[in-house]
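Input: a single structure, listed below in structure tokens.
The values are calculated or read from the model by the stated rules, or taken from the named source; none is laboratory data. Owing to the predicted nature of the structure, the values given are computational and were not obtained by experimental measurement. Ideal geometry is used to build each Cβ from the backbone, glycine not excepted, and the neighbour counts take in all protein chains shown. Protein only, heavy atoms only, side chains kept; ligands, DNA and RNA dropped before computing areas. Shrake-Rupley method; radii C 1.70, N 1.55, O 1.52, S 1.80 Å.
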Amino acid sequence: MPEAAQCVTHQDLGQGAGVDLPFKNLFGERVAHGVDVNDEFAPGADATDVGRCGAVLPGGDEVWCGQPAPWASLGYDKFTIASGATRVRRVGVSTDEGRSSSGGQVSRSLSYVELELGGADPKGVADFLQRAFRRCAEGTPAHVHGLPAITGNVPSMSGGVHEAEAVAFLTPKRVAWVILDGRRWTAAERNQALGAIAAHLHQV
């Protein structure tokens, strides 16, 4: 029986208040929060074996918008291969802001995915993200805290009664996207979180 191919490695980087995240102070100083997802994927020893580990990004008309970003119809193991990234970092955090007397959503959640490209983009994942955000998030080009980006909106995935804001950052070495979900974020809260992410991306 042939040995299974090692296409992708997956590492859980830990949860809880004390874990190391790529950015600091997403929510401000006094907002309690928890880490729900904190892991990374990287190409494995057999990643270049197309026969056993091949995966490709969908074409422009094959993007299905009825799923979470990046709408690629691929799990993160196959998406790592298809994107050509040297590392995919995934973070999910949520605030603990008490309970609403009316039962409405009072906490915020933030989902972040970052693709490390190493200065090259051999499989065109930045172009794929731009197309997918335009189609599935009605995204428009923008600059967010000095970085080129696409901003749009997607249906809430965490109980919000409104749409969640989606932002894709497009830098030469890394591309990333963030979904601001849960209750409606104020302009100051949005600025705080996106500023923290942009500061991280400016450094790398």
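Here are a few things to note about the model shown:
- Of the residues making up the stretch 121-131, those that are open to solvent by 10 Å² or more (accessible area, probe 1.4 Å) and part of a helix (DSSP H, G or I) are ALA126, ASP127, GLN130, ARG131.
- When VAL175, VAL167 are checked against the criterion of being closer than 21 Å to PRO58 by Cα, assigned to a strand (DSSP E or B) and touching a Ser or Thr at 6+ places or on another chain (Cβ under 8 Å), a single residue qualifies: VAL167.
- Residues located in the stretch 30-62, provided they are in a helix (DSSP H, G or I) and in contact with a Lys or Arg (Cβ under 7 Å, 6 or more places away or on another chain): GLY60
- Lone qualifier among ALA55, ALA72 - being under 16 Å from the mean Cα position of the chain (by Cα) and either open to solvent by less than 60 Å² (accessible area, probe 1.4 Å) or at pLDDT 90 or above (or both): ALA72
- Number of residues in the stretch 172-191 that are surrounded by 18 or more Cβ atoms within 10 Å (Cβ to Cβ) and either in contact with an Asp or Glu (Cβ under 7 Å, 6 or more places away or on another chain) or of a type outside the set (Lys, Arg) (or both) equals 11.
- Qualifying residue in the stretch 144-155 (condition: surrounded by 22 or more Cβ atoms within 10 Å (Cβ to Cβ), touching a Ser or Thr at 6+ places or on another chain (Cβ under 6 Å), of a type outside the set (Phe, Trp, Tyr) and under 29 Å from LYS78 (Cβ atoms)): no
- Qualifying residues in the stretch 19-51 (those that are under 21 Å from ALA199 (Cα atoms) and acidic (Asp, Glu)) - the one surrounded by the most Cβ atoms within 10 Å (Cβ to Cβ): GLU40
- Residue within the stretch 3-12 that is exposed (fewer than 11 other Cβ atoms within 10 Å of the Cβ) and aliphatic (A, V, I, L, M) present: yes
- Figure legend. Inter-residue proximity from the stretch 145-159: first residues of a type in the set (Ser, Thr, Tyr), second residues in a loop (DSSP other than H, G, I, E, B) and open to solvent by 70 Å² or more (accessible area, probe 1.4 Å), beta-carbon distance below 7 Å, spacing 6+ or different chains. Indicated pairs: SER156/GLU163.
Residue-by-condition table, conditions (1) assigned to a loop (DSSP other than H, G, I, E, B); (2) modelled with pLDDT of 95 or more:
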residue	(1), (2)
GLY28	yes, no
LYS78	no, yes
VAL93	no, no
GLY98	yes, no
GLN105	yes, no
GLY118	yes, no
PHE133	no, yes
GLU138	yes, yes
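- Considering the conditions (1) modelled with pLDDT under 95; (2) part of a helix (DSSP H, G or I); (3) open to solvent by less than 30 Å² (accessible area, probe 1.4 Å), GLY160 is excluded by exactly one of them, (2).
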